[in-house]
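The values are calculated or read from the model by the stated rules, or taken from the named source; none is laboratory data. This one's a predicted model, so the numbers in the text were calculated from it and none came from an experiment. Quick reminder, even Gly has a Cβ in these numbers, built from the backbone with ideal geometry, and neighbours come from all protein chains shown.
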Amino acid sequence: MKGSVGPIVVILAALIALWYAAAVPMNVKEVLTQAERDGAVVQPASAAERRDAGRWALVFGNLEHLGATWSSERSRLPAPHQVVMELWDSTWVEETTGRRGIVRSGSFSNRSLVYHGGVTLGATALGFVIGALAGVLLAVGIVYSRVMDMSVMPWAIISQTIPIVALAPMMIVVLYSVGLPGLFAKAVISAYLSFFPVVVGMVKGLRAPDHMQLDLMRTYNASKSDTFWKLRLPASVPYLFASLKIGIAASLVGAIVGELPVQRGGLGARMLGGSYYGQTEQIWAALFVAALMAALLVWFIGWLERRTLNAMGVPS
Amino acid sequence: MTVISATSLDLTFQTNDGPVHALKDVNLEIGKGEFVSFIGPSGCGKTTFLRCIAGLEAPTGGEISVNGMTPDEARKARAYGYVFQAAGLYPWRTIGGNIRLPLEIMGFTKAEQAERVAKTLEMVDLAGFEKKYPWQLSGGMQQRASIARALAFDADILLMDEPFGALDEIVRDHLNEQLLALWARTEKTIGFVTHSIPEAVYLSTKIVVMSPRPGRITDVIDSTLPKERPLDIRDSPEFIEIAHRVRDGLRAGHIDE
């Protein structure tokens with residue numbers, strides 16, 4: 001851990017520098033339009049010419065106006081500190097000083113990322129639990145029944161070849177129209193994405209015991225359930241956790257995608273709302289919250305894994 | 001009293017390259033309390049024969065009985081303990097937990113489980129290692145634990161498939177000595193597959209020499225060595241003579257091809 005801090009900081013600094021650099025050409029057109037409106041002289045002077053000019057030509061022709069590319073209100077690519085400010089404003093500031101914030105109203109503000117993150121987290125967690133359970137049950141069926149092995153696995157694979165963004169709106173519309181609460185509708189999409197890695201990992205895990213270990217169980221005349229509980233299931237645990245990590249990240253993606261078609265809260269709704277109204281900072285802030293949540297969720301599964309494996313005698 | 005009896009036993013595997021005669025016309029009687037070694041080159045059917053006794057492989061012809069039952073009935077009656085080539089201990093169970101495995105499956109009470117685990121651990125000289133995990137033990141100790149696991153439910157027959165094949169010479173000598181002591185103490189009937197002539201001669205009351213293609217018995221040698229066998233018995237003329245006969249049997253099997 002000790003020696004890894006340096007490289008991490010270097011990479012992070014490089015990424016931030018690259019981001020700042022990219023913000024200049026990305027935002028130059030909007031900045032120049034604004035500057036012209038404010039009465040400044042820009043090159044070239046006419047809006048039509050600027051529209052056809054290359055971004056880099058505009059950058060080098062108007063060096064004195066570039067400072068504003070990092071503080072523009074309507075930037076295409078907001079600078080990192082703008083995103084950080086948005087994050088701060090839409091979490092701490094909104095909750096502590098906002099009219100609808102938790103301090104004044106007693107509940108999280110629907111304009112804060114704490115609230116929207118919570119909405120997404122709920123759908124992610126529910127979808128993950130459903131998906132993981134379904135995945136484990138399907139895997140058990142596949143391992144124990146040849147019919148299921150032949151019939152379920154191809155469908156499971158086909159289900160993952162359909163782009164979820166194409167499928168999600170239809171599923172959401174159908175699920176809403178039959179009166180399912182939004183949380184469940186989103187959880188269904190989450191589960192749809194997360195069951196698959198669990199099935200694949202768990203099938204492999206349950207089949208991990210080799211011939212010798214299965215023969216050993218036969219010499220004891222062990223029942224199927226003994227073989228499952230005492231051999232196959234414990235042998236599958238490392239595989240299960242590896243696929244749960246993929247599954248929980250997929251669950252989060254599913255929940256966000258499920259929030260896109262309906263503006264009823266959640267990080268997905270914030271992202272789409274931001275793109276409707278040109279609020280790029282809002283999109284980025286929601287993206288960062290989603291990324292942070294994904295990291296924490298995967299870390300949580302990793303923590304569970306370490307605890308479980310330690311309890312199973314694996315040296316840490 | 002005959003415990004295991006095979007009469008004109010055949011086993012043919014159907015493979016993509018045509019039938020493989022793993023066992024052909026195998027006839028053998030094993031009496032109670034005997035220590036029988038099966039020796040021969042790879043593919044001679046020695047492991048297959050052991051697996052037939054255990055009911056893990058179904059013969060395609062002939063008769064075989066274990067304790068007067070079919071091998072499958074004997075397996076269901078838990079008539080034997082089986083030791084595999086690799087220790088195959090469950091890494092998620094302690095040594096004690098591994099030995100408890102068959103006892104749990106066979107429905108022994110908790111108190112009896114604890115008592116038997118302690119007893120068998122002591123038998124294989126592993127007392128004090130009950131709470132250790134397999135990775136904390138050496139290969140020889142792991143194999144001893146797997147023998148304890150096979151002994152825990154006290155079946156009359158112990159079947160061992162090259163249990164010491166992966167261990168070094170010194171550990172192997174030590175385990176051979178311990179196995180003989182254990183056999184003398186428990187009076188079990190032991191079927192023991194090996195590659196090693198000295199191991200077979202040192203351990204056995206009866207040595208079954210086998211040869212491949214088709215897998216068959218070429219010689220059955222009744223040992224003239226006394227039951228009490230210190231390690232240096234291997235230098236005695238008697239021992240060398242038996243080893244000689246085993247080697248001749250193995251060579252004869254090869255010339256046949």
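The listed residues are A:VAL9, A:VAL31, and the only one of them that is touching a helix residue (DSSP H, G or I) at 6+ places or on another chain (Cβ under 7 Å), assigned to a helix (DSSP H, G or I), modelled with pLDDT of 85 or more and surrounded by 10 or more Cβ atoms within 10 Å (Cβ to Cβ) turns out to be A:VAL31.
What strands (runs of 3 or more DSSP E) lie completely within region B:132-241 and have 1 or more residues being on the phi < 0 side of the Ramachandran plot and among the polar types (S, T, N, Q)? Break it down stepwise before answering.
Details: elements: B:157-161, B:189-194, B:206-211, B:216-222.
Counting at least 1 such residues, we get B:189-194, B:206-211, B:216-222.
I'm trying to understand the selection: among the residues of region B:33-79, which are more than 17 Å from the chain's Cα centre (by Cα) and either assigned to a helix (DSSP H, G or I) or among the basic types (Lys, Arg) (or both)? Selection gives B:ASP72, B:GLU73, B:LYS76.
In this structure, does B:GLY62 turn out to be at positive phi, of a type outside the set (S, T, N, Q) and in contact with a Lys or Arg (Cβ under 6 Å, 6 or more places away or on another chain)? Here the answer is no, as B:GLY62 does not meet what is asked. With respect to (1) closer than 27 Å to B:ARG245 by Cα; (2) in contact with a helix residue (DSSP H, G or I) (Cβ under 8 Å, 6 or more places away or on another chain), the lone exception for B:THR48 is condition (2).
Residues that are in a helix (DSSP H, G or I), buried (at least 16 other Cβ atoms within 10 Å of the Cβ) and either without any contact (Cβ under 8 Å) to a residue 40 or more places away in the chain or of a type in the set (S, T, N, Q) (or both) are absent from region A:253-269 altogether.
Out of A:LYS245, A:LYS204, one residue alone is surrounded by 18 or more Cβ atoms within 10 Å (Cβ to Cβ) and at pLDDT 90 or above. It is A:LYS245. Just one of the numbered conditions (1) surrounded by fewer than 23 Cβ atoms within 10 Å (Cβ to Cβ); (2) under 28 Å from B:ALA184 (Cβ atoms) is not true of B:THR12: (2).
Does A:SER109 satisfy the condition of being in a loop (DSSP other than H, G, I, E, B), more than 18 Å from the chain's Cα centre (by Cα), in contact (Cβ under 8 Å) with a residue 12 or more places away in the chain and surrounded by 14 or more Cβ atoms within 10 Å (Cβ to Cβ)? Full working, then the answer.
Values: in a loop (DSSP other than H, G, I, E, B): yes; more than 18 Å from the chain's Cα centre (by Cα): yes; in contact (Cβ under 8 Å) with a residue 12 or more places away in the chain: yes; surrounded by 14 or more Cβ atoms within 10 Å (Cβ to Cβ): yes.
Yes.
Screening A:LEU244, A:LEU231, A:LEU167 for residues that are within 14 Å of chain B (Cβ to nearest Cβ), of a type in the set (A, V, I, L, M) and either part of a helix (DSSP H, G or I) or under 30 Å from B:MET106 (Cα atoms) (or both) leaves exactly one candidate, A:LEU231. Pairs linking a residue in region B:33-61 that is more than 12 Å from every other protein chain (Cβ to nearest Cβ) to a residue that is among the aromatic types (Phe, Trp, Tyr), with Cβ atoms under 6 Å and 6 or more positions apart or on different chains, are B:PHE35/B:TRP183; B:SER37/B:PHE192; B:LYS46/B:PHE38.
Mind listing just one residue for me: the one in region B:81-104 that is under 23 Å from B:CYS52 (Cβ atoms) and facing another protein chain (nearest Cβ under 7 Å) and, of those, farthest from the chain's Cα centre (by Cα)? So, considering only residues that are under 23 Å from B:CYS52 (Cβ atoms) and facing another protein chain (nearest Cβ under 7 Å), the one farthest from the chain's Cα centre (by Cα) is B:PRO102.
Scanning region A:71-94 for residues that are surrounded by 18 or more Cβ atoms within 10 Å (Cβ to Cβ) and more than 22 Å from the chain's Cα centre (by Cα) yields A:SER72, A:SER75, A:GLU94.
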